[in-house]
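Asks: Next up is a structure, given as structure tokens.
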Amino acid sequence: MKNNNGVFMKLKIGILEVLVIVSILITSGALVYKFLFSSGDTYQFDGDQMYKCAWVSEKILSKGFPLYADIYGRWTSTGKEFNGTVIIVGARGGTLYGIYNNRSVTIGGEMAYKENIAAEKVILRPLGNTIVSYQIYPVEGYSFKDIEDKIMNSVKPYKKLNITILGIYITGIFAVDSKTYTPTEQQYIRNKIENINNIGEKVNVHFLDNGLIIGGRQKIETLEIYDNLIKPKKILTSKITVYLILNKTLDRLPKNITSYNNITNIITLKN
């Protein structure tokens, strides 16, 4: 009986240990879920939640959604109050990387001293709830306005679906026949491209004999700037990926939204 009781006690303790471990795992999972997703739709974070804020920001940016943040805090260099909206372009660790008034800034928590801004509160404001993306074949034209018009022709079917398009972004390469640019002309164009990137675009330029190549991700309306800046003679693109940023959630999108182009992907903010 003694041995049997001993076996019974060992078995009983083993079961209790398993139950405790399962309980800990469930609790830990719930805490992790709460840590990552408790902000809800407002994406509001206190200054001591910057690691969480940066993690969420990184996930939003990785999906291609433009991201803005209302920041409430202070400048670390002067201690003066900061209350403004920043374009978020990156996030790592407990730091946000953004653009404010055409200046690159970093945002940390309320005790930050290395970053430009110490935040007491951050409200993330991603643009849109879904992105519909598709590719079109290379486009040829004699101005960037020609190229823009031909890209916008591919958008027309979506405009008939009773959906609100909040923004249109494109990625691709634009090979431009124009002229051979002098060093000062090249720098002037680079400066203008830098101004474009300071509002959240990701454009790059490479100069060649008798022209240049422009590539990257940018708003469709940015193309309008290049005609006066470059004065092209002829333009040929690579395949262009078009991103339509929509306010509707996935469950409210029209069922036939994927039927207008050969390759259509839908990216959602929530998953």
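Asks: Can you give me the ranges of the strands (runs of 3 or more DSSP E) entirely in the range 156-271 with at least 2 residues that are polar (S, T, N, Q) and either surrounded by 18 or more Cβ atoms within 10 Å (Cβ to Cβ) or modelled with pLDDT under 95 (or both)?
Replies: 264-268
Asks: Yes or no: K12 open to solvent by 100 Å² or more (accessible area, probe 1.4 Å) and modelled with pLDDT of 95 or more?
Replies: In short, no.
Asks: For the range 140-151, which residues satisfy the criterion of being surrounded by 15 or more Cβ atoms within 10 Å (Cβ to Cβ) and either assigned to a loop (DSSP other than H, G, I, E, B) or within 23 Å of the chain's Cα centre (by Cα) (or both)?
Replies: S143, E148, I151
Asks: Among the residues of the range 77-93, which ones are more than 23 Å from E194 (Cβ to Cβ) and either touching a Cys at 6+ places or on another chain (Cβ under 7 Å) or buried (at least 19 other Cβ atoms within 10 Å of the Cβ) (or both)?
Replies: If the condition is that a residue be more than 23 Å from E194 (Cβ to Cβ) and either touching a Cys at 6+ places or on another chain (Cβ under 7 Å) or buried (at least 19 other Cβ atoms within 10 Å of the Cβ) (or both), then F82 is the only one that fits.
Asks: Moving on. Taking the options E140, E120, E110, name whichever one is over 30 Å from V56 (Cα atoms) and of a type outside the set (S, T, Y).
Replies: Result of the check over E140, E120, E110: E140.
Asks: Does Y137 meet the test of being open to solvent by 60 Å² or more (accessible area, probe 1.4 Å), among the aromatic types (F, W, Y) and not assigned by the TED database to the domain that holds T171?
Replies: no
Asks: From the residues in the range 94-109 that are assigned to a loop (DSSP other than H, G, I, E, B) and open to solvent by 30 Å² or more (accessible area, probe 1.4 Å), which one is modelled with the highest pLDDT?
Replies: Applying the filter and picking the extreme gives N101.
Matching residues to (1) in the same structural domain as I151 (by the TED database); (2) under 24 Å from L166 (Cβ atoms); (3) in contact (Cβ under 8 Å) with a residue 12 or more places away in the chain; (4) not hydrophobic (A, V, I, L, M, F, W, C):
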residue	(1), (2), (3), (4)
N195	yes, yes, yes, yes
F207	yes, no, yes, no
I220	yes, yes, yes, no
I230	yes, no, yes, no
L236	yes, no, yes, no
T241	yes, yes, yes, yes
L246	yes, yes, yes, no
R252	yes, yes, no, yes
K255	yes, yes, no, yes
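The values are calculated or read from the model by the stated rules, or taken from the named source; none is laboratory data. Since we're looking at a predicted model, the values are computed, not measured. Cβ sites come from the backbone with ideal geometry, for glycine too, and all protein chains shown count toward neighbours. The area values use the complete protein model at the heavy-atom level, side chains included, leaving out ligands, DNA and RNA. Shrake-Rupley method; radii C 1.70, N 1.55, O 1.52, S 1.80 Å.
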